[in-house]
Amino acid sequence: MHEKIRNEIVSQFQFEGTFIYAEPFGCGHINSTYAVYFSRETKAPIRYILQAVNTSIFTDPYGLMENIEGVTGHLRKKIIENGGNPLRETLTVVLTKDGTSLYKDSDGTYWRAYLFIEDATCYQTVERPILFTNAAKAFGHFQKLLSDYPAEMLHETIPNFHNTRSRYAAFEKAVKEDLACRASLVSEEIQFFMDRREDGNTVVDAIANGTLPLRVTHNDTKLNNIMIDNDTDEGICVIDLDTVMPGSVLYDFGDSIRFGASTATEDEQDLSKVSMSLDLFEAYTAGFLSEAGNSLTEEEIRLLPFSAKLMTLECGMRFLTDYLNGDTYFKIHREHQNLDRCHTQMTLVADMEKKMDKMSEIVSRYI
Ligand code: ADP
Ligand code: GN1
Ligand code: MG
């Protein structure tokens with residue numbers, strides 16, 4: 001891939017300077033991400049983010065980029081109005097020399113590029129609670145800035161992304177087809193998700209009957225999808241905008257808790273290390289409600305604790321579905337990694353079930 005990047009890809013984009021090298025970058029599970037480095041004659045070297053879009057998942061890459069250009073354009077305008085720096089506070093697409101947002105290479109792979117957000121860190125775990133509070137404020141603020149974005153302009157980049165009922169259907173199909181001959185190895189795990197089937201209907205039904213509003217949401221708010229400023233610890237820029245679509249604010253709140261309030265990494269094999277920290281739940285709740293609290297409905301607020309469980313349940317089931325299908329969706333770096341990921345999510349769900357009352361108590365304190 002490096003040869004291809006050097007010989008074909010980098011010359012297609014409006015990058016400044018002379019190409020030096022490319023390296024795989026970050027811990028995303030979906031796209032193939034590289035940092036590409038350039039030297040400049042009179043200025044310091046510069047790097048960019050270059051990504052091969054995963055088109056088996058995002059089947060309409062042009063629609064995807066139309067969303068991203070639309071959303072970042074909207075954010076840029078507001079950031080400027082508020083006196084901020086749009087080059088650091090939102091993603092900036094670097095265009096190809098033809099002025100388009102995607103380059104289709106000789107193998108049919110679609111490439112895109114962004115300015116690299118420098119002097120900021122993308123954390124894989126909450127190293128200090130303040131980072132999580134600040135991530136929450138930034139996701140809450142992101143939600144507010146997009147509250148007047150015309151939802152009808154957005155392509156649905158992954159249909160039914162957080163439709164837990166469809167997720168259950170896909171899971172049951174995977175169990176039945178058993179493509180990788182693994183179903184007999186995971187009967188307890190399968191039962192765990194089947195026992196919680198009813199939970200999958202709660203938010204889907206409430207959106208359908210109008211009890212919960214649809215908003216423009218990020219839909220993938222894990223901690224490594226936000227850049228945190230190295231000097232101030234503020235959540236400076238929300239990234240990974242591939243799944244910005246109409247959704248429930250509960251998806252964004254719940255997914256952040258799923259990932260960031262865990263006391264262990266998403267693929268930890270020692271489950272004794274995995275639990276949902278009430279302190280981290282509180283750290284996130286405080287930050288999120290301070291930004292977005294006023295705009296939430298009573299029902300949204302009531303369901304915040306449940307949303308953490310729902311998103312964790314959904315994600316665990318997606319990992320198990322992928323394991324049953326032979327690991328074709330999420331990138332894995334070792335055998336059975338998707339099963340390990342499924343196990344941490346199951347452990348978190350069970351722990352959240354025990355802590356639900358305490359979570360509700362915390363929410364009520366910040367309203
Ligand atoms: P995926 O969809 O595979 O998760 P992301 O868009 O989240 O891909 O990118 C993967 C990682 O690359 C991020 O977690 C982050 O570490 C890094 N990254 C992405 N965009 C930028 C950017 N503009 N500046 C700096 N780092 C970035
Ligand atoms: C994927 O793209 P990334 O790594 O930020 C996935 C999320 C999951 C997450 C689990 C488009 O997020 O939905 O919650 O992995 N993104 C997509 O870590 O499926
Ligand atoms: Mg990501």
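The values are calculated or read from the model by the stated rules, or taken from the named source; none is laboratory data. These figures come from a predicted structure and were not determined experimentally. Note that each Cβ is placed from the backbone with ideal geometry, even for glycine, and that neighbours are counted across all protein chains shown. Calculation scope for accessible area: heavy atoms of the full protein, side chains included, ligands and nucleic acids excluded. Shrake-Rupley method; radii C 1.70, N 1.55, O 1.52, S 1.80 Å.
Please give the peptides 305-312, 158-165 ranked by average Cβ packing (other Cβ atoms within 10 Å per residue), highest first, as a rough proxy for protection.
Ranked by mean Cβ neighbours within 10 Å, highest first: 305-312, 158-165.
Taking a spot 7 Å from the Cα of residue 353 along the direction of its beta carbon, which residues of region 253-269 have an amide N less than 18 Å from it?
258, by backbone N distance to the label point.
Would you please classify the overall shape of region 1-103 from the alpha carbon gyration tensor, given that a ≥ b ≥ c denote the square roots of the eigenvalues, rounded means a/c under 1.5, and beyond that prolate means a/b larger than b/c while oblate covers the rest?
On the way: a/c = 1.79, a/b = 1.15, b/c = 1.56.
Taking the square roots of the gyration eigenvalues as a ≥ b ≥ c, region 1-103 is oblate.
Under 13 Å from a label point 7 Å along Cα→Cβ of residue 273: give me every residue in region 114-139 with its amide N that close.
Label zone hits: 125-126.
What length, rounded to one decimal in nm, is gained on full extension from residue 231 through to residue 115, with 0.36 nm per residue of separation minus their alpha-carbon distance? Can you show the working numbers first?
Working: separation 116, 0.36 × 116 = 41.76 nm, distance 1.95 nm.
Result: 39.8 nm gained on full extension.
So what is the accessible area of the chain per residue, in Å², with the probe set to 1.4 Å?
It amounts to 44 Å² per residue over the chain.
Hey, which of these cross-link pairs are over 26 Å Cα-Cα: 137/358; 137/331; 78/222; 4/331? Kindly include the intermediate steps, with their values, before the conclusion.
Numbers: 137/358 22 Å; 137/331 29 Å; 78/222 24 Å; 4/331 21 Å.
In this structure, 137/331 exceed 26 Å between Cα atoms.
Identify the residues of region 174-207 with backbone N under 18 Å of a label point that sits 7 angstrom from the Cα of residue 299 along the Cα-to-Cβ direction, or state none.
Zone members listed by number: 199-207.
If I take every Cα pair under 8 Å that is 6 or more residues apart in region 238-367, average their sequence separation and divide by the length, what percent do I get for the relative contact order?
Result for region 238-367 is 35 percent.
Return an integer: the convex hull volume of the alpha-carbon atoms of the chain, in Å³ per residue.
Dividing the Cα hull volume of the chain by its residues yields 146 Å³.
With θ set to phi - 60° and the Karplus curve 6.51 cos²θ - 1.76 cosθ + 1.60, what are the ³J(HN,Hα) couplings of region 153-161 in order, to the nearest whole Hz, using x for Gly and Pro?
The phi angles translate into 7, 8, 6, 7, 5, 9, x, 6, 3 Hz.
If the reach is capped at under 15 angstrom between alpha carbons, list the aspartates and glutamates near residue 97, excluding any in the same chain fewer than eight residues apart.
8, 16, 105
Compute the Cα gyration tensor for region 169-310, then decide on rounded, prolate or oblate, letting a ≥ b ≥ c be the square roots of its eigenvalues: rounded whenever a/c is under 1.5, prolate when a/b is larger than b/c in the other cases, and oblate in all that remain. Each step should come with its number before you reach the end.
Numbers: a/c = 1.87, a/b = 1.32, b/c = 1.41.
Oblate, since a/c reaches 1.5 and b/c is not below a/b.
Can you classify region 271-324 as rounded, prolate or oblate using the Cα gyration tensor, where a ≥ b ≥ c are the square roots of its eigenvalues, rounded means a/c under 1.5, and otherwise it's prolate if a/b beats b/c and oblate if not?
Oblate.
Can you compute the FRET efficiency between residue 21 and residue 195 using 1/(1 + (r/R0)^6), with r the Cβ-Cβ distance and R0 = 51 Å? Round to the nearest 0.05.
With a Förster radius of 51 Å, E is 0.50.
Taking the Cα centre as origin and putting +1 on Lys and Arg beta-carbons and -1 on Asp and Glu beta-carbons, what dipole magnitude results for region 124-272, to the nearest 20 debye?
440 debye
Compute the distance in nm between two label points, each set 7 Å from the Cα along the Cα-to-Cβ direction, one at residue 188 and one at residue 265.
2.4 nm
Using +1 at the Cβ of each Lys and Arg and -1 at the Cβ of each Asp and Glu in region 123-215, identify which of 213, 169, 141 lies farthest towards the dipole's positive end.
Result: 141, furthest along the dipole toward the positive end.
Provide 96, 59 ordered by accessible surface of protein heavy atoms (probe 1.4 Å), highest first.
The ranking, largest first, comes out as 59, 96.
What is the packing order of peptides 1-11, 77-87, 274-284, taking the mean over residues of other C-beta atoms within 10 Å and listing the highest first?
274-284, 1-11, 77-87
So for each of 173-182, 123-132 I average, over its residues, the number of other beta carbons within 10 Å; can you give me the resulting order with the highest mean first? Can you show the working numbers first?
Numbers: 173-182: 14.3, 123-132: 17.3.
Highest to lowest by the protection proxy: 123-132, 173-182.
About its Cα centre, how strong a charge dipole does the chain have in debye, to the nearest 20, once Lys and Arg get +1 and Asp and Glu get -1 at the Cβ?
Once rounded to the nearest 20, the dipole reads 260 debye.
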